[in-house]
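I have placed the structure first, in the form of structure tokens, so that the comments after it can refer back to it.
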Number of protein chains: 2
Amino acid sequence: MARMSSTDRRVELVHAALRVIAAKGVAAATTRAIVAEAGMSLASFHYAFTSRDEMMRELIAYVVENETVAAVDSIPAGGDIRSIIEEAMRAYLKLLIDNPGHEQVMFELMHYAVRTPGLEALATEQYERYRAAVSELLEGAATLTGVTWSMPVNEIARIVVTYTDGFSLAWLSDRDDAAAERVIVFAAESLSRLAVSATQTSDSATPVR
Amino acid sequence: MARMSSTDRRVELVHAALRVIAAKGVAAATTRAIVAEAGMSLASFHYAFTSRDEMMRELIAYVVENETVAAVDSIPAGGDIRSIIEEAMRAYLKLLIDNPGHEQVMFELMHYAVRTPGLEALATEQYERYRAAVSELLEGAATLTGVTWSMPVNEIARIVVTYTDGFSLAWLSDRDDAAAERVIVFAAESLSRLAVSATQTSDSATPVR
DNA sequence: GTCTATAAGGAGATAGAC
DNA sequence: GTCTATCTCCTTATAGAC
């Protein structure tokens, strides 16, 4: 194996670990399985990382840093706010269906982080980043359609993530595409009620309470 | 240790395993940890079960069979349909806050089942049972308040479980009670729109689409 | 039926040659 | 820097005494 900077090696090992985890779960991501996937020797692992724990910390930090919701790229152009939300959620569902392993890894890593002393903060940060990404999407959609949100956008993002996490778990358990889409239709409808047409007075919208 | 029927021993070992998992996660539920928790010898484990895998199958089947949502017992008596839904969800949130380990175990076991060949069906069944329990609650609440549901109750139950799973995950990651309650307020509001006052004609209600 | 003792293998981590 | 070989510990599972 050619020489490689320690940083590159760390990144490569993290990627290999993610592939192993996606294929077989967190429990199967032993140092041996990881180096086999990366095509390295076992000693190289401990040359790059002092311990498996350190690698897992870096892996989760990497995921939290880089894995923002990919669906954020694809704001559908036309339509009203309801259909934009619906289409964005459908796009996310498609990602899930096309690559169930990926989303399951996110869930498993989140549980791992919550369980592991010293890593709890990473789980919190992971969700903050989800909400931040969704918030951007919500603001973009509002601008596009000329509405304003009747609630802090971050609060709405929390509801969106509640929906996406919820139907993702259900889908992972029963793989029922149609049922997930029905939930999405309901979700988009309920969320669009939080949008106020900018030309309306604010109390013409339906407040939540 | 007194003699004990093999069935009793199996049940006791499953309970011990659940305690270990709640405290330290699925990965920490080794046969040794389990028998230590149960106060048995290692050999007793393999007298009761042929393998750890068999125990895990029985454990998940046990959980799926017995762990229906405890909040179902506590339908709040007074109020309209919206406040009943809200109070029931608050009751569930209280369960979560009082015993986070329990709900986390449910999530982890679900992921374990989805990952393990031969156990996928148990994950599906777990969610079906959740929905069945919630469906009962929804029908009870509808009867109590004299409304009918404008959608199949099982579909509404799916949305309810989407909400509860979603805000449970978020709460596990950030422990933000107030944020969870705000989601619950929104959820109850959105769900109550699916209720049609029995004296109204059905099209006076707001359909989802 | 229940125990102690142990087999057999996989895990993380390290020593030391090159 | 990277490798092979190995250490030590912990895992599931079993053998065999009582």
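For chain B, the relative contact order works out to 20 percent when only alpha carbon pairs closer than 8 Å and six or more residues apart are counted.
How charged is the neighbourhood of B:Y127? Take every other residue with its Cβ under 13 Å from the Cβ of B:Y127, and add Lys/Arg as +1 and Asp/Glu as -1. Result for the local shell: -3. Apply the a/c threshold of 1.5 to the C-alpha gyration tensor of the protein assembly as shown and tell me whether it is rounded, prolate or oblate. Since a/c reaches 1.5 but b/c is at least a/b, the shape of the protein assembly as shown is classed as oblate.
Sorted from shortest to longest, the distances between the B:G39 label points of this copy and the other copies are 5.7 nm, with each point 7 Å from Cα along the line through the beta carbon. Dividing the helix sum by the residues of chain B, where each DSSP H run of 4 or more adds -39500 (n - 2.57), gives a mean residue ellipticity at 222 nm of -23500 deg cm²/dmol.
Label-point spacing for A:G78 across the identical copies (point 7 Å from Cα in the Cβ direction), in nm and ascending order: 5.3. The relative contact order of region B:1-49 comes to 41 percent, based on Cα pairs under 8 Å that sit 6 or more residues apart. The ranking of A:F186, A:F45 from fewest to most other beta carbons within 10 Å of each one's beta carbon is A:F45, A:F186. Taking a Cβ cut-off of under 9 Å around A:S190, the surrounding Lys, Arg, Asp and Glu residues balance to a net charge of 0, with basic ones at +1 and acidic ones at -1. The ranking of B:H102, B:H111 from fewest to most other beta carbons within 10 Å of each one's beta carbon is B:H102, B:H111. For the protein assembly as shown, the dipole from Cβ point charges (+1 on Lys and Arg, -1 on Asp and Glu) about the Cα centre works out to 960 debye, to the nearest 20.
Work out the charge dipole of the protein assembly as shown with +1 on the Cβ of Lys and Arg and -1 on the Cβ of Asp and Glu about the Cα centre, then indicate which of A:A91, B:I156, A:V64 is farthest towards its positive end. About the Cα centre, the residue reaching furthest to the positive side is A:V64. For region B:52-197, a simple Cβ point-charge model (Lys and Arg +1, Asp and Glu -1, everything else neutral) yields a dipole of about 280 debye relative to the Cα centre.
Positive-end ranking of A:Y127, A:A195, A:V20 along the dipole of chain A, with charges on Cβ about the Cα centre, is headed by A:V20.
Sort region B:66-194 into rounded, prolate or oblate with this rule: let a ≥ b ≥ c be the square roots of the eigenvalues of the Cα gyration tensor; rounded if a/c is under 1.5, and if a/c is not under 1.5, prolate when a/b is larger than b/c, oblate otherwise. Oblate. Placing a label point 7 Å from Cα along the Cα-to-Cβ axis, A:V11 is separated from the same position in the other copies by 5.7 nm, shortest listed first.
Any read-out appearing in this document is the output of simple, stated calculations on the displayed coordinates, not a laboratory observation. Being a predicted model, the structure only gives us computed values, none of them experimental. Glycine gets a Cβ as well: all are built from the backbone with ideal geometry, and neighbour counts include every protein chain shown.
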